[in-house]
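Trainee: Quick one: structure below, then a few questions.
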Amino acid sequence: CMNYMLPLSYALGNFSVLAVGIWAIVQRDSLDAITMFLAGLLLTVLTDIIHISIFYPSHDYLSDAKRFSLGMAIFSLLLKPVSCYLVYRMYRERGGE
């Protein structure tokens with residue numbers, strides 16, 4: 001997000017899911033918050049794949065900062081299924097079916 005290589009929608013999508021995640025952590029008894037967080041995580045997995053695949057630059061235009069930024073975006077994408085699994089377990093603990 002700091003290198004401005006990916007569009008603003010990438011940053012807004014991930015930061016909004018982060019905000020819903022904070023809401024889900026603060027309200028431990030709310031099933032709606034954790035459901036919205038899980039749905040947002042699943043949606044951002046799809047949108048992250050689309051953003052990275054469309055806006056990935058050619059090798060000639062990759063500086064070290066852009067390479068690091070893309071590496072962190074891909075690393076975040078790889079960690080999201082683990083986060084989805086953990087959030088799903090929290091959903092089940094809170095009474096979700």
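Trainee: Of everything in segment 1-30, what is within 17 Å of Arg89 (Cα to Cα), modelled with pLDDT under 90 and open to solvent by 60 Å² or more (accessible area, probe 1.4 Å)? Give them in sequence order.
Mentor: Within segment 1-30, Arg28, Asp29 meet the criteria.
Trainee: Examine segment 60-67 for a residue that is at pLDDT below 90 and among the aliphatic types (A, V, I, L, M), and state whether such a residue exists.
Mentor: As a first pass, look at segment 60-67 and keep what is at pLDDT below 90: 60-67.
Of the ones still in play, those that are also among the aliphatic types (A, V, I, L, M) are 62, 65.
Checked against the condition, which is being at pLDDT below 90 and among the aliphatic types (A, V, I, L, M), segment 60-67 yields at least one hit.
Trainee: Looking only at residues that are within 11 Å of Asn3 (Cα to Cα) and assigned to a helix (DSSP H, G or I) in segment 56-66, which one is most open to solvent (accessible area, probe 1.4 Å)?
Mentor: That would be Asp64.
Trainee: Moving on to the next point. Tell me, yes or no, whether segment 14-37 has at least one residue that is in a helix (DSSP H, G or I), aromatic (Phe, Trp, Tyr) and more than 11 Å from the chain's Cα centre (by Cα).
Mentor: Taking segment 14-37 as the starting set, the residues that turn out to be in a helix (DSSP H, G or I) are 14-26, 31-37.
Going one step further and asking which of them are aromatic (Phe, Trp, Tyr), we end up with 15, 23, 37.
From what's left, more than 11 Å from the chain's Cα centre (by Cα): 23.
Checked segment 14-37: at least one residue is in a helix (DSSP H, G or I), aromatic (Phe, Trp, Tyr) and more than 11 Å from the chain's Cα centre (by Cα).
Trainee: If you go through segment 67-89, how many residues are closer than 15 Å to Val17 by Cβ and open to solvent by less than 30 Å² (accessible area, probe 1.4 Å)?
Mentor: 4
Trainee: Among residues belonging to segment 31-45 that are of a type in the set (Gly, Ala, Ser) and under 11 Å from Tyr91 (Cβ atoms), point out the one that is least open to solvent (accessible area, probe 1.4 Å).
Mentor: Only one residue fits best here, namely Ala33.
Trainee: List the number of the failed condition for Ser53; all other conditions in (1) assigned to a helix (DSSP H, G or I); (2) open to solvent by less than 50 Å² (accessible area, probe 1.4 Å) hold.
Mentor: Status for Ser53: all satisfied but (2).
The values are calculated or read from the model by the stated rules, or taken from the named source; none is laboratory data. As the structure is a computational prediction, the values presented were derived from the model and not from experiment. All Cβ positions, even for glycine, are placed from backbone atoms using ideal geometry, and neighbour counts span all protein chains on display. Calculation scope for accessible area: heavy atoms of the full protein, side chains included, ligands and nucleic acids excluded. Shrake-Rupley method; radii C 1.70, N 1.55, O 1.52, S 1.80 Å.
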